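Each remark here refers to the structure printed beneath this line.
Values in this text are rule-based calculations from the coordinates and carry no lab data. This one's a predicted model, so the numbers in the text were calculated from it and none came from an experiment. Using ideal geometry, Cβ is built from the backbone for each residue, glycine included, and neighbour counts are taken over all protein chains shown.
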Amino acid sequence: MPSDQTPLYVRLSNEPSNRLERAVSVSGKSKRQLVEDAVREHLTDDGLVVGRVALQEEAPEILTLPEAASLLRINQAALKDAAENTLLPGRRIGDEWRFSRAALLSWLSQSEPS
């Protein structure tokens with residue numbers, strides 16, 4: 001672990017935990033990034049910042065491998081393997097993969113062939 005990081009272990013009740021999971025899925029950010037952002041934005045040396053404006057970040061149309069894996073809630077290796085075997089829609093550009101959010105969601109909603 002880098003020396004500029006401190007481990008944080010917390011237990012969340014189901015509802016906040018589910019919100020955090022949905023935020024990870026939609027944003028493509030890690031839980032660590034989301035928690036760091038929340039602390040940075042809502043806690044100051046003077047205490048808790050009161051009041052808020054809820055902004056919904058627009059999800060990107062084109063996803064990287066980690067973002068697409070997060071959206072589908074699978075590990076990156078499984079997604080890469082499926083994409084390489086043309087089991088789901090994706091494009092390799094050089095050494096990197098890109099996925100259309102709409103194409104992945106459409107693929108996901110299709111029934112499997114018999």
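Structural remarks
- Part-to-part distance (alpha-carbon centres) for region 1-53 and region 79-111, which is given in Å: 29
- Check: the chain dipole with +1 on Lys, Arg Cβ and -1 on Asp, Glu Cβ, in debye: 280
- Computed E for Glu84/Gln33 - FRET, C-beta separation, R0 22 angstrom, nearest 0.05: 0.20
- Between Val10 and Asp45, the C-beta separation translates, for a Förster distance of 22 Å, into a calculated FRET efficiency of about 0.50.
- Taking 0.36 nm per residue of sequence separation and removing the Cα-Cα distance, the Ile74/Ile62 pair yields an extension gain of 2.6 nm.
- Fraction of alpha-carbon pairs over 22 Å apart in the chain - percent: 48
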